[in-house]
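Read through the structure below, which is laid out as structure tokens, and then see the notes.
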Amino acid sequence: VLEYCEHHQADPLPTIQVDGGPRRRTNISKWDQQFINVDQDMRFDILLAAWHLDIKSLVDVGCQTVANQMKGKSPEELRKFFNLANDFTPEEEVCGISLVSKAILLVYDKDFQAQIRKEKEWANDR
């Protein structure tokens, strides 16, 4: 985390968003990609430290990286990726994984955001 902060110390401070919406970062610099390219346990330790130290740019890099790794994976692949046991009923599994995947994609995937906007154009006509 110190290495990340030292590398980014000259970066301009992020601007405050007036709309209060989530920060979206789809482009990760080459240096940041190499920095966050560590085993999963280390990546989550870095994310946890960044969260507690309020280093928003590092949280964004870590979350975007995890979201990119999750994209396109089946529920079974996600369980294996996160080392999770399946304790859902079949009905819960279909509903829960679908909602979580869509929520993550909605925050971090611009193509998915555009698709949702197009599907919900009627809501903007009001």
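The values are calculated or read from the model by the stated rules, or taken from the named source; none is laboratory data. Owing to the predicted nature of the structure, the values given are computational and were not obtained by experimental measurement. Counting neighbours? That spans all protein chains shown, and the Cβs are built from the backbone with ideal geometry, glycine included. The accessibility values were calculated without ligands, DNA or RNA, using every heavy atom of the protein model including side chains. Shrake-Rupley method; radii C 1.70, N 1.55, O 1.52, S 1.80 Å.
Restricting the calculation to Cα positions, tell me the Rg (one decimal) and the Dmax (whole number) of region 27-86 in Å.
12.2, 36
For region 44-95, what does the accessible surface come to per residue with a 1.4 Å probe? Please give it in Å². Please report the intermediate quantities before stating the final value.
Details: 3400 Å² over 52 residues.
Per residue, region 44-95 has 65 Å² of solvent-accessible surface.
Kindly state, to the nearest 0.05, the FRET efficiency for Asp111 paired with Phe82, given R0 = 25 Å and r defined as their beta-carbon distance. Write down the numbers at each step before the final one.
Values: r = 24 Å, r/R0 = 0.95.
FRET efficiency, Asp111 to Phe82: 0.60.
Asn27 to Thr89: extension gain in nm, 0.36 nm per residue of separation minus the Cα-Cα distance?
Numbers: separation 62, 0.36 × 62 = 22.32 nm, distance 3.72 nm.
Between Asn27 and Thr89, full extension yields an extra 18.6 nm.
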